[in-house]
Amino acid sequence: MVEKDYLLSPSILSADFTQLGDQMKQAEHAGADWFHMDIMDGHFVPNLSLGPALVNACKSVTDLPLDVHLMIEEPERYLDKFAAAGATILTVHIETCPDMDKIQKMIHDLGCKAGITLNPGTSADEIQPYLKNADLVLVMSVNPGFSGQSFIPEVLPKIGQIRKLLDKINPDVLIEVDGGINPDTIRQTYDQGARVFVASSAIFKHPQGIQAGIESLTEKL
Ligand code: DX5
Ligand code: ZN
């Protein structure tokens, strides 16, 4: 058997919130490595979602790392709240962080890993200066805001481009991909160098259940 060389980070956004703890346990038993938590402010993205209280509730039902994706303006105002709530990784958008050096330092001072992410329309050049202090790079493969959108294939070359930059600058950093990941799209992102896979609807809305959703993805890797 080939050793597993990837991580799966189910996004709870499409979970049934009335059964959240149970659904997270199911995902964990089926092979989830992290949980991805989508934080939306209704400004940077046109939707509202979760806050620190829900991160803290999730922390109480799992020991897996919590991978917190901050789709919010002025994330520096809330980093301490999400760290205190139990975030392991705090990922911020380059589009919302004019002073990314400062934010990366704030995240590290809070004892969290610093992720950096970019929208489909943002070029890899924008994040290059900050790769040396990043612990994770999240490549968005949909315009952020909602689960259940279609994968944008034009981002594929950017994954490969960022992998090459990381190999030179900070080779241990993994690339995570988020948006429209399903059995038809996951392999193409792996082939470009993605090794952490976020998926929400493909897992939590799979007609045969969460375990079947996870297996439908991992069997392609
Ligand atoms: C989109 C979020 C994603 C989303 C993924 O703004 O960042 O994490 O929950 O959902 P799917 O996998 O359904 O595209
Ligand atoms: Zn996300």
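The values are calculated or read from the model by the stated rules, or taken from the named source; none is laboratory data. On a predicted model such as this, the values are computed, not experimentally measured, just so you know. Note that each Cβ is placed from the backbone with ideal geometry, even for glycine, and that neighbours are counted across all protein chains shown.
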Among the residues in segment 50-63, are any within 16 Å of ligand 1 (Cβ to nearest atom), closer than 21 Å to LEU131 by Cα and either at pLDDT below 95 or not in a loop (DSSP other than H, G, I, E, B) (or both)? no
For helices (runs of 4 or more DSSP H) lying entirely in segment 170-221, having 2 or more residues that are among the polar types (S, T, N, Q) picks out 186-192, 210-218
Between a first residue in segment 67-82 that is over 16 Å from MET100 (Cβ atoms) and in a helix (DSSP H, G or I) and a second residue that is of a type in the set (A, V, I, L, M, F, W, C) and at pLDDT 95 or above, which pairs have beta carbons less than 7 Å apart while being 6 or more apart in sequence or on different chains? ASP80/LEU110; PHE82/VAL55; PHE82/VAL68; PHE82/LEU90
Those residues that are within 16 Å of ALA194 (Cα to Cα) and either within 16 Å of ligand 1 (Cβ to nearest atom) or surrounded by 19 or more Cβ atoms within 10 Å (Cβ to Cβ) (or both), I need them from segment 125-140; list them, please. ALA134, ASP135, LEU136, VAL137, LEU138, VAL139, MET140
Report, ordered by the first and then the second residue, all pairs with beta carbons closer than 9 Å, sequence separation of six or more or different chains, a first member in segment 168-197 that is in contact (Cβ under 8 Å) with a residue 60 or more places away in the chain and farther than 19 Å from GLU215 by Cβ, and a second member that is among the basic types (Lys, Arg) and surrounded by fewer than 19 Cβ atoms within 10 Å (Cβ to Cβ). LEU174/ARG195; GLU176/ARG195
GLN149 vs. criteria over 18 Å from VAL92 (Cβ atoms), part of a helix (DSSP H, G or I) and among the polar types (S, T, N, Q): no
Filter result (buried (at least 17 other Cβ atoms within 10 Å of the Cβ) and either more than 8 Å from ligand 1 (Cβ to nearest atom) or at positive phi (or both)) within segment 166-181: LEU166, VAL173, LEU174, ILE175, GLU176, VAL177, GLY179, GLY180
Is it true that ASP16 is of a type in the set (D, E, K, R) and more than 12 Å from ligand 1 (Cβ to nearest atom)? yes
Right, TYR130: more than 16 Å from ligand 2 (Cβ to nearest atom), modelled with pLDDT of 95 or more, hydroxyl-bearing (Ser, Thr, Tyr) and touching a helix residue (DSSP H, G or I) at 6+ places or on another chain (Cβ under 9 Å) or not? yes
When you check GLY115 against the structure, is it within 17 Å of the chain's Cα centre (by Cα), within 16 Å of ligand 2 (Cβ to nearest atom), in contact (Cβ under 8 Å) with a residue 12 or more places away in the chain and closer than 27 Å to LEU20 by Cα, yes or no? yes
For segment 28-50 the number of residues that are crowded, with 16+ Cβ neighbours inside 10 Å, in contact with a strand residue (DSSP E or B) (Cβ under 8 Å, 6 or more places away or on another chain) and not hydroxyl-bearing (Ser, Thr, Tyr) is 13
In segment 107-122, anything buried (at least 19 other Cβ atoms within 10 Å of the Cβ) and hydrophobic (A, V, I, L, M, F, W, C) is listed as ILE107, CYS112, ALA114, ILE116, LEU118
Residues in segment 182-204 that are exposed (fewer than 15 other Cβ atoms within 10 Å of the Cβ) and either acidic (Asp, Glu) or touching a helix residue (DSSP H, G or I) at 6+ places or on another chain (Cβ under 9 Å) (or both): how many? 2
